[in-house]
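Undergrad: Here it is, the structure in full.
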Amino acid sequence: MTLHSIPAPERKYRVAGHPDLRVAILDVGLACCALEVGAAITAGLLVPEGSVDTGPATSEVSVLLISGTVTDALAPAVIRAWGALAEPRLAVSFGACANTGGPYWDAPTVTKGIDQLIPISVYIPGCPPRPEALIAGLARLASTDGPCQSERGDESP
Amino acid sequence: MTSHGRTDVSPADWLEAMAGLRSEGFVLFDFLTAVDRGATLEVVARIVNPVTRVTAMVWTTLPADAAELASLSDYYLGATWCEREAAEMFGVTFIGLADTRPLLLRASLGKPPMRKSAPLVARAIRDWPGAAQATDDGRQGGNPSRRRQLPPGVPEVFLHDDVNGDVASAELASGDQR
Amino acid sequence: MIPGEAHGTIALSASACTSCMICVRECPTWCIELDSHTEQVSEPGARRPKTVNVLDAFRIDFGLCMYCGICVDLCPFDALAWSPEHDLASTTAAGLVHGIEELESTWPSADCAAEAGTPGGDGSPSDS
């Protein structure tokens, strides 16, 4: 199972309650947790850029949002998606499956945490986490020195 | 949909039975899978007559240690996918199945994981938190409720030494069925 | 707006916990760990000292937890409860493992508990 081309993240969002933060989300929705990302958008917690008049964002970050169960078969595609993401980039692990394998931690085919493969800046617990938890986690990005930021060692959002 | 009911056939009659039902109009293949019964492995196929909307379930029983069955792929092309899945998950060998590439699993996984004899390694190698006992303060001569606790859903045989030496104990050896 | 009965996280009232281990043993994902020891307590008028369990540590790995609520349902002493608290994101995987202090900090307020019809909310979980 391969994803031959990974599109650049084109979906830019403002994060409700954090007007300075703009996130470009590459959503790797692999299981039910992915629905919560859609719920965050329809609930107006993630506001598509341009849909409302927003002021200038002071920081923008590309986010690989891994929501759902990563299987060993699919893990290479997740790594490729990460590699295709433009810097500055951060990875967010959303939900129990992406965090540790979750309910499938004992399955022989499931990756026990996507952080074994790519550096994760923010882990959001839940099964699934609420949309509000996603917002809280994304807001955490703005105040954290994620693994990639420390690698780059330059600006902090 | 109405059901044609359950039909049990011997492995030798498997192909003939399925071919017969197909000629009766059961031309739509629905699914095929296996059920591990321990010493035996049952294979079940569900097929549908799309005109009369009648379904049929056909079962056969194989010895678990020699699970071989004729492939339905000459009669039902759609069975190929299910047979590949049953082959890698349950270790059924389908004679005449042209495409034997693994569907989902890494070759390194070893034993077909849906067999009950395949150890759930993750649960066998991790210490079960429920095994913890309150440490007593020494003034009492042992905890009267101290009996061995085993994790629910993990057969004792999987906790035995060749899976995990730490969890193994003499009291479990008697339960080892291998 | 998050309703008070929302299943955001699972909270602990350590003073209500008797270290019976039911939650630990029934957890399908093995995400709860509990350390305890026994102590002899002499009560006035009692012939012999009573053996009681004393809770030393209680950890839930919210990285593994699948929020099924079996522990909440099975706790005979209502020491575990759902809490609407949801902002639990962590920058490390280890940060998802919550100990007694963190688990008590999310104990639902009286308003939440009333809305959810669950125990708790009678002030704070414990001061011990």
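The values are calculated or read from the model by the stated rules, or taken from the named source; none is laboratory data. On a predicted model such as this, the values are computed, not experimentally measured, just so you know. Here the Cβ is made from the backbone with ideal geometry for all residues, glycine too, and neighbour counts use every protein chain on show. These area figures cover heavy atoms from the full protein model, side chains too; ligands, DNA and RNA do not enter into them. Shrake-Rupley method; radii C 1.70, N 1.55, O 1.52, S 1.80 Å.
Undergrad: Can you send over the solvent-accessible area of C:E85, 1.4 Å probe, protein chains only, in Å² to the nearest 10?
TA: That residue has around 70 Å² of solvent-accessible surface.
Undergrad: Let me ask another. Considering only protein heavy atoms, what is the solvent-accessible area of A:W82 at a probe of 1.4 Å, reported in Å² to the nearest 10?
TA: Approximately 20 Å² of A:W82 is accessible to the 1.4 Å probe.
Undergrad: Excluding ligands, DNA and RNA, what is the accessible area buried between chains C and A, summed over both sides, using a 1.4 Å probe, to the nearest 100 Å²?
TA: Values: alone 7620 and 7720 Å², together 13660 Å².
For C against A, buried area totals roughly 1700 Å².
Undergrad: About its Cα centre, what dipole magnitude does segment A:12-147 give when the only charges are +1 on Lys and Arg Cβ and -1 on Asp and Glu Cβ, stated in debye to the nearest 20?
TA: The dipole of segment A:12-147 has a size of about 60 debye.
Undergrad: Could I ask something else about it? If you count, for every residue in C:1-9, the Cβ atoms of partner chains within 10 Å of its Cβ, what is the mean?
TA: What the average comes to for C:1-9 is 2.
Undergrad: When the label point is put 7 Å from the Cα of C:I70 along its Cα-to-beta-carbon vector, which residues of segment A:90-119 have a backbone N closer than 12 Å?
TA: Answer for segment A:90-119: A:103.
Undergrad: Quick one: grab Rg to one decimal and Dmax as a whole number for segment B:1-65, Cα atoms only, in Å.
TA: In Å, with Rg to one decimal and Dmax whole: 12.1, 39.
Undergrad: List, largest first, the extents of the alpha carbons of segment C:9-116 along their principal axes, each in whole Å.
TA: 51, 31, 22
Undergrad: Let me ask something else about it. Looking only at other chains, what is the average number of their beta-carbon atoms within 10 angstrom of each beta-carbon in A:103-110?
TA: On the way: counts 7, 3, 10, 11, 3, 11, 5, 1.
Across the residues of A:103-110, the mean count of other-chain Cβ atoms within 10 Å is 6.
Undergrad: Roughly to the nearest percent, how much of the accessible area of segment A:12-147 is carbon and sulfur, given a 1.4 Å probe?
TA: Summing carbon and sulfur atoms, their accessible area is 57 percent of the total for segment A:12-147.
Undergrad: Pulled fully out, how much extra length does the chain show between B:D8 and B:K111, if you take 0.36 nm times their separation in residues and subtract their Cα-Cα distance?
TA: Here the segment from B:D8 to B:K111 would lengthen by 34.3 nm.
Undergrad: Which one, B:A86, B:S71, B:T100, projects farthest toward the positive side of the charge dipole computed for segment B:52-123 from Cβ point charges (K/R +1, D/E -1)?
TA: Final value for the positive-end residue is B:A86.
Undergrad: Another question, if that's okay. Would you kindly find the accessible area of C:H7, with a 1.4 Å probe and non-protein molecules such as ligands, DNA and RNA excluded, rounding to the nearest 10 Å²?
TA: For C:H7, the solvent-accessible surface is approximately 110 Å².
Undergrad: Ordering A:S62, C:S105 by accessible area with a probe of 1.4 Å, largest first, what comes out?
TA: The ranking, largest first, comes out as C:S105, A:S62.
Undergrad: Let me know the mean shielding of A:65-78 by other chains, meaning the per-residue number of their Cβ atoms within 10 Å of its Cβ.
TA: 1
Undergrad: At 1.4 Å probe size, put C:T92, B:T80 in order of accessible surface, largest to smallest.
TA: Correct descending sequence by accessible area is C:T92, B:T80.
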